[in-house]
1. Filter region 279-297 down to the residues that are touching a residue at least 60 places away in the same chain (Cβ under 8 Å) and surrounded by fewer than 17 Cβ atoms within 10 Å (Cβ to Cβ) and list them by number.
2. Restricting region 423-455 to residues that are among the acidic types (Asp, Glu) and at pLDDT 95 or above, which is farthest from residue 92 (Cα to Cα)?
3. Mind checking whether some residue in region 257-267 is under 30 Å from residue 544 (Cα atoms) and either hydroxyl-bearing (Ser, Thr, Tyr) or within 16 Å of ligand 1 (Cβ to nearest atom) (or both)?
4. Residue check, residue 258 against (1) within 16 Å of ligand 2 (Cβ to nearest atom); (2) hydrophobic (A, V, I, L, M, F, W, C); (3) assigned to a loop (DSSP other than H, G, I, E, B), all met but one. Which one?
5. Looking only at region 213-228, which residues are farther than 30 Å from residue 109 by Cβ and within 13 Å of ligand 2 (Cβ to nearest atom)?
6. Kindly indicate the residue of region 645-667 that is within 11 Å of ligand 1 (Cβ to nearest atom) and on the phi < 0 side of the Ramachandran plot and also farthest from the chain's Cα centre (by Cα) among those meeting that condition.
7. Out of (1) closer than 26 Å to residue 334 by Cα; (2) within 16 Å of ligand 1 (Cβ to nearest atom); (3) crowded, with 20+ Cβ neighbours inside 10 Å, the odd one out for residue 222 is which?
8. Can you find even one residue in region 48-71 that is in contact with a helix residue (DSSP H, G or I) (Cβ under 7 Å, 6 or more places away or on another chain) and of a type in the set (Lys, Arg)?
Amino acid sequence: MKHILITLSILLTLQAAKAGEGMWLPLFLKSLNEAEMQELGMKITAEDIYSVNKGSLKDAIVHFGGFCTSELISGSGLLLTNHHCGYGQIQSHSSLDNNYLKNGFWAQSKADELMNPGLTATMINEIVDVTAQALEGVTDKMGVEEREATIKLNIESIRNSLVVASHQAIEVRPFFNGNQYFAFLTTTYRDVRLVGAPPESIGKFGADTDNWVWPRHTGDFSLFRIYAGPDNLPADPSEENIPYEPKHFLPISTDGVAEGDFTLVFGFPGRTQQYLPAVAVEEIIEVSDPNKIAIREKALNIIDKYMRSDEETRIKYASKFASVANYWKKWIGETTGLKKTGAISKKQKFEKEFVSMQTKDNPARNILGEFDALYAQRAPYAYVRDYYGEITGGRIVELMRVVGLAQRMTELYETRGAEAFDNFKGRVMGFLEGFYKNYDPAIDQEVFAALSEMYARNVEAKYTPEMIQDLSPAAEKNYGIIAMKLYSETAFVDKDKVFEMLEGDAEEVVARLQADPAYAFGAEWKNTYDTKVLEPYDNYNFKIDSLQRIYMNALMTTFPEKRFYPDANSTMRVTYGQVKSYNPSDAVTYSPVTYLDGVMEKYKPGDYEFDVDEKLLELYDNKDYGNYADRENGKMPVCFIGTNHTTGGNSGSPAIDAHGNLIGLNFDRAWEGTMSDLNYDASICRNIMVDARYILFVIDKYAGAGHLIEEMRLVRPKLEYTRNPKDEIKIQRRKRKANR
Ligand code: ARG
Ligand code: GLU
């Protein structure tokens, strides 16, 4: 008996030590996670987190613009998210004279809150397991195409069978690589206004140097408000709208956090790939990440040079630079972490175990061997795809972005006619208005020269457009001259010329677009790429995807006792863990909480990343922290870390305490652990959150926006807990009820 108890307790400690991995569907918390969560200190129930019948935490969690998470923190629709999530909106209201990026923005009353047409806030009303219906009639013998077609029809009928109100939408999504399906009933609000944002010197303190880094000192938050029609339902942006009244909003705890405290992060993680075979991870570490890193580094160095020399350029390029730099740095951390933790050999070992467990009467196909072959066949195309995608597809060579739009316009005209063309043209013109506001052709030309040279050097000539081919290294081409010629001849770098080109009927416009030299260059590049690279790539990739589905299914049947969680796919998930320090390298330990003292240590007057403004310096000097300082050491906390398993899209997610109160705002991960998208490792994977007390301090003491604090509900659960531990759960329940 004693023996069993000891083994059990060892097992439990092992479990607890590993806790953190997993992005769980809120629907299954009761059966899969509740016990472990309570073991870790959670005082509420799965039903308090996700319920269809009553208000629950999930009603306070809002998908922000489809790319970040946000949460309701007042009864009048006040929404908290990251500064970097609201960045585009803050920037769009900014100019040199009214520089909200630099000075911050605080609406003094609701009438001053700024509208952001196009920005959405989506709530999840219900999640339904529709696996059985989605896979009805699907058999193992079916070919991939037949399978897809059957599922598509099934999804259509699922959509028709679910009852939804006119303001709701349904989304049916595959999970576990298509082994399961879930439907999401959502409501999307369309009037979301900017309420407040700290200056960049707080909201983006440390900028790209500190991005993905712990110890961190960024107050990465901003405030918005959801507005609704008179019926509290979604409405188009209008002065008539009124603040949305939520079913639930998060109270904010001012008790702070300590090592070991339970934390729950609730949000919309974007994409992870936890179940890839070793061969795929190897390709990422050895080929894909290094190539993408090198390409971005080249572009970033050029843009940085211009940004540092001119303030206006800095404002123009700030958002683009941040987004290119973000994943550049993440990939560096990812490859480093994967190597350091021996991710590939761990995967290989696991795969051996998997293979050894396949039984005779269940002669699984040689899945891993098939993966090896398919990845090898795909490799040459994947290589070019990374180059082409990075250089032309994103924000790197901006001219190629405009060319891409022109290409789509012509394509639309040719396939769907003048009306479709005109519709799209209208949208393109709207986009271009904003695009040229932040465009500098001189920077772009230099980036183009550097990257077309890189492409020509590293990619085979048969995949390279003639203009930039370099077949004879002896007579090296001068890419500076090629770029200069192209940029002086094309109209696409000049807003007025482009709008002139777009005047008139579809046929004329298309003819003009096609006559542009950049168009011709882009078309040749795209054609070559589409036929010689993308087609074979897609062909292999399709096979890889369907093999991954078979592999996933085999994993789940081979290890029935293991709890599997689905990869992130921008749907609502819960992850939980604890506030926890870590050891990034030998003899180095990072404590889990940072303080305002650290901001002052990093302070570099005049530096665009590490400047601190007067007001904050003054508050610091006077230790004027209001009620928000740490109750034990009197210091002002800024950020903290935990073992929650998060990824891109979790930005702006609330960190929630054992009782269901907000204690922090997720905004990043520690660099050493960014590999958690491919291989979570509890020893070094940490998410980074802004401490709720810092947010309150900035709003209240720094910005003097006490009227916003009054809307919120501040609580002290630790205090109440020590007073009356047994009634704790009841107290919290009563509070949440009162909130509703
Ligand atoms: N790394 C965080 C995320 O992935 C923050 C990014 C924004 N900040 C920046 N300096 N680029 O979104
Ligand atoms: N900053 C990320 C985001 O925008 C979250 C950090 C992460 O990738 O974990 O979603």
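The values are calculated or read from the model by the stated rules, or taken from the named source; none is laboratory data. All figures in this text were calculated on a predicted structure; none of them were measured in a lab. Glycine gets a Cβ as well: all are built from the backbone with ideal geometry, and neighbour counts include every protein chain shown.
1. Once the filter is applied, which keeps residues that are touching a residue at least 60 places away in the same chain (Cβ under 8 Å) and surrounded by fewer than 17 Cβ atoms within 10 Å (Cβ to Cβ), region 279-297 yields 287, 294.
2. Checking each candidate, the answer is 446.
3. yes
4. Going through (1) within 16 Å of ligand 2 (Cβ to nearest atom); (2) hydrophobic (A, V, I, L, M, F, W, C); (3) assigned to a loop (DSSP other than H, G, I, E, B) one by one, residue 258 breaks only (1).
5. Matches in region 213-228: 213, 214, 216.
6. Ranking the qualifying residues of region 645-667, first place goes to 666.
7. Of (1) closer than 26 Å to residue 334 by Cα; (2) within 16 Å of ligand 1 (Cβ to nearest atom); (3) crowded, with 20+ Cβ neighbours inside 10 Å, only one is false for residue 222: (1).
8. yes
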